[in-house]
Amino acid sequence: MSFPNFYERQRIGTLFRPRISEVVRVANSIAFKPSQRDERRILLLLVDPQVDFVHVDGSLSVPGAVGDARRTIEWLFNNLEQVTDIVVSLDSHYPLHIFYPGWWVDEEGEHPEALTPITSREVDDGRWRPVFEADWSRYYVHELEKKAKKTLLIWPYHTMIGTVGHSITPALYEAITYHSEARRSQPTYVIKGRIPKTEHYSLLEPEVKVLNEPEGSLNTELLKRMLTYDRIYIAGQAKSHCVLETVVSIVSRADAQPELITKVRLLTDCMSSVVHPDIDFETMANETLEQFAKLGLQRVSAIDPVDIW
């Protein structure tokens, strides 16, 4: 399939104002079947395809993400008439957050550097002290290690609400708009990560539940909606964190909804892992995904034909 004439591959990973009017004009110049008429329904889940993760100068740039975005865009163009709907998650943060440097101080009153792990033992020993929500913070690091089986990691400030880094990378935004107009399918944007007291990697739920917050527990409506599709393709950033934890959320519901995991197709060349100087996130993610593959999760590439039965 030839790509729409507004598409400029060299602009992927650069900042520009999405050309919505031009994208809509091109989409309307071709007669596409409306998505409501799809007999087989395919959902594309785009996890956090934002400037701060995708662009090389983003504050939490994921190595390889520009190429991932290109393959995602071209996969969508190539499969436009098969993809029924698109759901996009947006990682969304405030300055004061439990995984940001300003939340913690050491014994000298200094804030931690980005990518510093903070263990529950270090908090118990006073090596790191929370500046905010002291009781919750101590509970949180223990609960994270016990239930999520991970250590709290301090992140650089990223995807801050109201900043350029929070935006969807422009070339992909144009592709989403093109699909929306061409197929008469409204995209869904899922905001996650606004609760200061918890991390929120998965687009379905936070790492530790905060039950008095609107986004503090499982997004049951989105989960129910996912069950209405025949296939669910997943791409985005980062493979080692937000994509992986989204898959974990799906797999953890396999007992109650065993058909859900068999619907999933992970676009493995449309995602990359965070690079840490001491932690091999890529290997850790691959080991988990390998276990999930034995349960029915299927890993595919952007050049594979869409599974349309």
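The values are calculated or read from the model by the stated rules, or taken from the named source; none is laboratory data. Model, not experiment: these values are computed from the prediction. Virtual Cβ from ideal backbone geometry, glycine too; neighbours counted across all protein chains shown. Heavy atoms of the whole protein, side chains included, go into the accessibility calculation; ligands, DNA and RNA do not. Shrake-Rupley method; radii C 1.70, N 1.55, O 1.52, S 1.80 Å.
In the range 283-299, the residue that is farthest from Pro258 (Cα to Cα) out of those that are open to solvent by less than 70 Å² (accessible area, probe 1.4 Å), in a helix (DSSP H, G or I) and in contact (Cβ under 8 Å) with a residue 24 or more places away in the chain is Ala285. Do we find that Thr262 is within 30 Å of Ala27 (Cα to Cα), open to solvent by 10 Å² or more (accessible area, probe 1.4 Å) and in contact (Cβ under 8 Å) with a residue 12 or more places away in the chain in this structure? When the stated conditions are applied, Thr262 does not pass them.
Taking the criterion of being open to solvent by 10 Å² or more (accessible area, probe 1.4 Å) and either closer than 30 Å to Arg37 by Cα or acidic (Asp, Glu) (or both), the residues of the range 50-68 that qualify are Asp52, Asp57. The condition of being within 30 Å of Leu76 (Cα to Cα) and either among the acidic types (Asp, Glu) or touching a His at 6+ places or on another chain (Cβ under 9 Å) (or both) holds for only one of Glu174, Glu133, that being Glu174.
Based on what the data block shows, is Asp269 farther than 23 Å from Ile176 by Cα and of a type outside the set (A, V, I, L, M)? No: the conditions fail for Asp269. If you go through the range 26-39 one residue at a time, do you hit one that is open to solvent by less than 70 Å² (accessible area, probe 1.4 Å) and under 17 Å from the mean Cα position of the chain (by Cα)? For the range 26-39, residues open to solvent by less than 70 Å² (accessible area, probe 1.4 Å) and under 17 Å from the mean Cα position of the chain (by Cα): absent. Can you tell me which condition Glu181 does not meet? The list is (1) surrounded by fewer than 24 Cβ atoms within 10 Å (Cβ to Cβ); (2) within 19 Å of Val88 (Cβ to Cβ); (3) in contact with a strand residue (DSSP E or B) (Cβ under 8 Å, 6 or more places away or on another chain), and all the others hold. Only one criterion is unmet by Glu181, namely (3). Within the range 218-257, the set of residues being within 18 Å of Glu143 (Cα to Cα) and either without any contact (Cβ under 8 Å) to a residue 24 or more places away in the chain or open to solvent by 40 Å² or more (accessible area, probe 1.4 Å) (or both) comprises Leu218, Val248, Ser252.
Annotation: Glu215 fulfils all but one of (1) surrounded by fewer than 20 Cβ atoms within 10 Å (Cβ to Cβ); (2) closer than 21 Å to Lys150 by Cβ; (3) in contact with a strand residue (DSSP E or B) (Cβ under 7 Å, 6 or more places away or on another chain); (4) touching a residue at least 60 places away in the same chain (Cβ under 8 Å); the unmet one is (4). Among the helices (runs of 4 or more DSSP H) confined to the range 170-276, the ones with at least 2 residues that are closer than 20 Å to Arg70 by Cα and of a type in the set (Val, Ile, Thr) are located at 170-183. Do you know which residues across the range 94-116 are touching a residue at least 24 places away in the same chain (Cβ under 8 Å) and touching a helix residue (DSSP H, G or I) at 6+ places or on another chain (Cβ under 9 Å)? Of everything in the range 94-116, those that are touching a residue at least 24 places away in the same chain (Cβ under 8 Å) and touching a helix residue (DSSP H, G or I) at 6+ places or on another chain (Cβ under 9 Å) turn out to be Pro95, Leu96, His97, Ile98, Trp103, Trp104, Pro112, Glu113, Ala114, Thr116. So, in the range 134-163, of the ones that are of a type in the set (Gly, Ala, Ser) and out of contact with any strand residue (DSSP E or B) (no Cβ under 9 Å at 6 or more places or on another chain), which residue ends up surrounded by the fewest Cβ atoms within 10 Å (Cβ to Cβ)? So, considering only residues that are of a type in the set (Gly, Ala, Ser) and out of contact with any strand residue (DSSP E or B) (no Cβ under 9 Å at 6 or more places or on another chain), the one surrounded by the fewest Cβ atoms within 10 Å (Cβ to Cβ) is Gly162.
Working only within the range 300-309, note down all residues that are at pLDDT 95 or above and either crowded, with 16+ Cβ neighbours inside 10 Å or in a helix (DSSP H, G or I) (or both). Once the filter is applied, which keeps residues that are at pLDDT 95 or above and either crowded, with 16+ Cβ neighbours inside 10 Å or in a helix (DSSP H, G or I) (or both), the range 300-309 yields Val300, Ala302.
Conditions tested, residue by residue: (1) modelled with pLDDT of 95 or more; (2) within 22 Å of Leu80 (Cβ to Cβ); (3) open to solvent by 30 Å² or more (accessible area, probe 1.4 Å).
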position: Asp124; (1), (2), (3): yes, no, yes
position: Phe132; (1), (2), (3): yes, no, yes
position: Gly165; (1), (2), (3): yes, no, no
position: Ile176; (1), (2), (3): yes, yes, no
position: Tyr189; (1), (2), (3): yes, yes, yes
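The single condition among (1) open to solvent by less than 20 Å² (accessible area, probe 1.4 Å); (2) touching a Leu at 6+ places or on another chain (Cβ under 8 Å); (3) of a type outside the set (Ser, Thr, Tyr) that Pro206 does not satisfy is (2).
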